[in-house]
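> Structure incoming, see below.
The values are calculated or read from the model by the stated rules, or taken from the named source; none is laboratory data. Note that this is a predicted model, so its numbers are computed, not measured. Because the Cβ atoms are built from the backbone with ideal geometry, glycine has one as well, and the counts that use them run over all protein chains shown.
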Amino acid sequence: MKKYLLILFILSGSYLFAQTPDDALRTAWFTQNGSGRNTATGGVMGSLGGDITANHVNPAGLGLFKTNEFVLSPGFNLNNNKLEYRGTNNSVQKNNFNYGASGIILSSSSNNKKKWTSSAFAVSVNQVANYNNHIQFTGFNNMSSFSEKYLEELTRDRADTNAALSNYIFGSSLAFRTYLIDTLRGPGGALAGYQSLVPISTGVNQSYDAVTSGGYHEIAIGLAGNMDDKMYMGGSLVIPVINYKRDLVYSEKDATNNLNNNFSSFEYKETFSSRGIGVGLKLGMIYKPTDYWRLGFAFHTPQVMGYKDEISSSMTTNTESYAKTISESSSNLNSGNPGKSEYNLITPYRAIVSASYVFREVKDTKRQKAFLSADLEYVNYRGSRFSASNKSDQALVDYYALLNSEIKDYYKGNFNFRMGGELKFNVWMVRLGGGFYGSPYADANLKANKIVATGGLGYRNHGMFIDLSYAHAFQKDVQFAYRLNDKPNTYAAQTGAKGNLMMTVGFKF
């Protein structure tokens, strides 16, 4: 597997914590979320329309509205993660509330014989991705150690002891101050380098435990027009709002009973938060070449986002008789303040082509009996780009240039496919669907994909509708506890499933 760049800089006498390609993927690789109807049919909304989710997928679908609607979509997530790390199986669960597409749609029709027969305006909010999760795995490792990333950092920067003590207060300085990392002395006592006190050759028991929270929320303001019930065109201004938090506890413990090898254990704790807001556009069209077919195309421009991150960390190391047990924290080294970073991110673009076949396609939607719909979506995962907020800081500018180069090598563009349908029985509807989301990783050794199976029921009568749905996502992914430049990296293979219960309640007026 291609080695992973972790480039660190010394700024204003302290270590600036760096973004990684993983941070870019949080805003790019996720399954479709929306209303109960949309969720039940596999997330197909590229050519179907007539649902508030269209404001977040293909805004041209708003043009099918001839009435006004108010919609709320509460939901519930069920995470069941299974992780295999170096031959050890782990499992952990976390459930939480979420929500789907909610908002208001206002439509108007032209009484005159004009080219544009109707139009619609919508304001909605949707949780595009839910970050509430728990990733936990343990395993025996005699190949590498978390501590080696600090060795790489100090060696690469040719740091002297003063720098090791004070310039990396969220990482290497904690390791150095607690004697997880210590000096190597040459002739005459001169500094010859650094060493880790972790006995890698005899192995350590490693534990990774991360609890994440927050979400990727999207506010959409959409407008669409209907041209003679044949052509629909629309666009939406979207405002992505990100809040993400991770509480991490990582530890390594001596796997032997040796009380005289200068290492018993160390524990690293980190609290990281990231908040971002940005802007983007979603544009689309739907065309009816015949009475039964609908063809759709949508393009999501890259979203330009500004981020503010904060981090606090601490470490406790027990080196037995070498230095006993010592603790240190970034708060002690930074006047009680967290580390802060500001930067920009441009997310990947998306393109969606879609087709729907509506049985008994007539203007009176009450007489329509069923539909089948499919979306093919391309996402350019390697197109994410970071940049420095402070363009005058050349060190940061250079860092983000290298990081963006790594993103281009680490990820690839790939396709997502969704398909779903509905059968209508007077006021009741039965829905089924599914989807496949391809891997974003360029390295074929990193096995990742998401397979989604969906279903649900709908009820519509007297201007009110209720949609219930469930989506079950079988997922494969990889989780790295740490990455090194001079050794093959090891990771946990993640499987398991994620369930999404969604209910939409709507009122026509």
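> Name the residue that is modelled with the highest pLDDT, counting only residues in segment 359-374 that are surrounded by fewer than 19 Cβ atoms within 10 Å (Cβ to Cβ) and in contact with a Leu (Cβ under 9 Å, 6 or more places away or on another chain).
In this case the residue turns out to be ALA370.
> Quick one: which strands (runs of 3 or more DSSP E) lie wholly within segment 251-348 and hold at least 2 residues that are hydroxyl-bearing (Ser, Thr, Tyr) and modelled with pLDDT of 95 or more? Walk me through it before giving the result.
Values: elements: 265-287, 293-300, 304-318, 325-329, 339-346.
Here the list reads 265-287, 304-318, 325-329.
> Would you point out which residue out of GLY234, GLY215 is under 24 Å from the mean Cα position of the chain (by Cα) and either among the charged types (D, E, K, R) or farther than 24 Å from TYR150 by Cβ (or both)? Spell out how you get there, then give the answer.
Numbers: GLY234 fails: under 24 Å from the mean Cα position of the chain (by Cα).
Answer to the selection: GLY215.
> Listed residues SER331, SER314, SER327, SER236; which is buried (at least 16 other Cβ atoms within 10 Å of the Cβ), over 30 Å from ARG385 (Cβ atoms) and touching a Ser or Thr at 6+ places or on another chain (Cβ under 9 Å)? Give the steps one after another, and end with the answer.
On the way: SER331 fails: buried (at least 16 other Cβ atoms within 10 Å of the Cβ); SER327 fails: buried (at least 16 other Cβ atoms within 10 Å of the Cβ); SER236 fails: over 30 Å from ARG385 (Cβ atoms).
Sole residue among the options that is buried (at least 16 other Cβ atoms within 10 Å of the Cβ), over 30 Å from ARG385 (Cβ atoms) and touching a Ser or Thr at 6+ places or on another chain (Cβ under 9 Å): SER314.
> Residue under question is SER356, and the condition is that it be surrounded by 13 or more Cβ atoms within 10 Å (Cβ to Cβ), farther than 24 Å from VAL238 by Cα, under 19 Å from the mean Cα position of the chain (by Cα) and modelled with pLDDT of 95 or more; does it hold?
Working: surrounded by 13 or more Cβ atoms within 10 Å (Cβ to Cβ): yes; farther than 24 Å from VAL238 by Cα: yes; under 19 Å from the mean Cα position of the chain (by Cα): no; modelled with pLDDT of 95 or more: yes.
No.
> Picking from GLY61, GLY103, which residue would you name as being at pLDDT 95 or above, within 23 Å of PHE417 (Cβ to Cβ) and of a type outside the set (Asp, Glu)?
Working: GLY103 fails: within 23 Å of PHE417 (Cβ to Cβ).
After ruling out the rest, the residue left standing is GLY61.
> Related question: Residue check: is ASN414 touching a strand residue (DSSP E or B) at 6+ places or on another chain (Cβ under 6 Å) and surrounded by fewer than 21 Cβ atoms within 10 Å (Cβ to Cβ)? Outline the logic, then answer.
Numbers: touching a strand residue (DSSP E or B) at 6+ places or on another chain (Cβ under 6 Å): no; surrounded by fewer than 21 Cβ atoms within 10 Å (Cβ to Cβ): yes.
Spelling it out, it is not the case that ASN414 is touching a strand residue (DSSP E or B) at 6+ places or on another chain (Cβ under 6 Å) and surrounded by fewer than 21 Cβ atoms within 10 Å (Cβ to Cβ).
> Something else about it: From the list GLU218, GLU310, pick out the single residue that is closer than 25 Å to ASN98 by Cα, of a type in the set (D, E, K, R) and touching a residue at least 60 places away in the same chain (Cβ under 8 Å). Break it down stepwise before answering.
Working: GLU310 fails: touching a residue at least 60 places away in the same chain (Cβ under 8 Å).
Sole residue among the options that is closer than 25 Å to ASN98 by Cα, of a type in the set (D, E, K, R) and touching a residue at least 60 places away in the same chain (Cβ under 8 Å): GLU218.
> Determine if segment 171-191 includes at least one residue that is modelled with pLDDT of 95 or more, under 30 Å from SER35 (Cα atoms) and of a type outside the set (Phe, Trp, Tyr).
Checked against the condition, which is being modelled with pLDDT of 95 or more, under 30 Å from SER35 (Cα atoms) and of a type outside the set (Phe, Trp, Tyr), segment 171-191 yields no hits at all.
> Now for a separate question. On the given criteria, is SER321 out of contact with any Leu (no Cβ under 8 Å at 6 or more places or on another chain), of a type in the set (Ser, Thr, Tyr) and touching a residue at least 24 places away in the same chain (Cβ under 8 Å)?
Details: out of contact with any Leu (no Cβ under 8 Å at 6 or more places or on another chain): yes; of a type in the set (Ser, Thr, Tyr): yes; touching a residue at least 24 places away in the same chain (Cβ under 8 Å): yes.
So SER321 fits the description; yes.
> Here's a follow-up. Of the numbered conditions (1) crowded, with 16+ Cβ neighbours inside 10 Å; (2) farther than 30 Å from SER207 by Cβ; (3) polar (S, T, N, Q), ASN132 satisfies every one except a single condition; which is it?
Failing condition for ASN132: (2).
> Still on this structure, I have one more. Could you tell me which residue of segment 394-434 is modelled with the lowest pLDDT, considering only residues that are under 17 Å from ASN344 (Cβ atoms) and more than 23 Å from the chain's Cα centre (by Cα)?
Looking at the filtered set, the residue picked out is ALA395.
> Return the total of residues in segment 109-131 being part of a strand (DSSP E or B), of a type outside the set (A, V, I, L, M, F, W, C) and farther than 18 Å from GLY214 by Cα.
Start the filter on segment 109-131 by keeping residues that are part of a strand (DSSP E or B), which leaves 109, 116-130.
Adding the requirement that they be of a type outside the set (A, V, I, L, M, F, W, C) leaves 109, 117-119, 124, 126-127, 130.
Still in the running and farther than 18 Å from GLY214 by Cα: 109, 117-119, 124.
Selection size over segment 109-131: 5.
> With the condition kept exactly as written, say whether any residue in segment 230-247 is aliphatic (A, V, I, L, M), at pLDDT 95 or above and touching a Phe, Trp or Tyr at 6+ places or on another chain (Cβ under 6 Å). Before you say what the answer is, go through the steps one by one.
First, pick out the residues of segment 230-247 that are aliphatic (A, V, I, L, M): 231, 233, 237-239, 241-242.
When the remaining residues are screened for being at pLDDT 95 or above, the result is 231, 233, 237-239, 241-242.
Among the residues that remain, those that are also touching a Phe, Trp or Tyr at 6+ places or on another chain (Cβ under 6 Å) are: 231, 242.
Yes, segment 230-247 has at least one match.
> Okay, moving on. Has segment 161-172 got any residue that is crowded, with 18+ Cβ neighbours inside 10 Å, among the hydroxyl-bearing types (Ser, Thr, Tyr) and within 31 Å of the chain's Cα centre (by Cα)? Steps first, please.
Going residue by residue through segment 161-172, those that are crowded, with 18+ Cβ neighbours inside 10 Å are 163-164, 167-172.
With the extra rule that they be among the hydroxyl-bearing types (Ser, Thr, Tyr), the set shrinks to 168, 172.
Checking the rest, the ones that are also within 31 Å of the chain's Cα centre (by Cα) come to 168, 172.
Scanning segment 161-172, I find at least one residue that is crowded, with 18+ Cβ neighbours inside 10 Å, among the hydroxyl-bearing types (Ser, Thr, Tyr) and within 31 Å of the chain's Cα centre (by Cα), so the answer is yes.
> State which residue pairs qualify: first residue more than 25 Å from ALA471 (Cβ to Cβ) and free of Cβ contacts under 8 Å to residues at least 60 places away in the same chain and inside segment 405-434, second residue buried (at least 16 other Cβ atoms within 10 Å of the Cβ) and not hydrophobic (A, V, I, L, M, F, W, C) in any location, beta carbons under 6 Å apart, and separation of 6 or more residues or different chains.
LYS408/ARG382; LYS412/ARG382
> Next question. Quick one: in segment 200-234, which of the residues that are in contact with a His (Cβ under 9 Å, 6 or more places away or on another chain) and not hydroxyl-bearing (Ser, Thr, Tyr) is nearest to ALA129 (Cα to Cα)?
Restricting to residues being in contact with a His (Cβ under 9 Å, 6 or more places away or on another chain) and not hydroxyl-bearing (Ser, Thr, Tyr), the top hit is GLU218.
> Can you list the helices (runs of 4 or more DSSP H) lying wholly within segment 147-231 that have 1 or more residues being in contact with a strand residue (DSSP E or B) (Cβ under 6 Å, 6 or more places away or on another chain)?
Numbers: elements: 148-156, 161-166, 172-177.
Here the list reads 148-156, 172-177.
> What are the residues in segment 381-411 that are more than 21 Å from PRO440 (Cβ to Cβ) and buried (at least 21 other Cβ atoms within 10 Å of the Cβ), if any?
LEU396, TYR399
> Considering (1) surrounded by fewer than 19 Cβ atoms within 10 Å (Cβ to Cβ); (2) at pLDDT below 95, say which one ASN205 fails and leave the rest.
Condition (2) is where ASN205 drops out.
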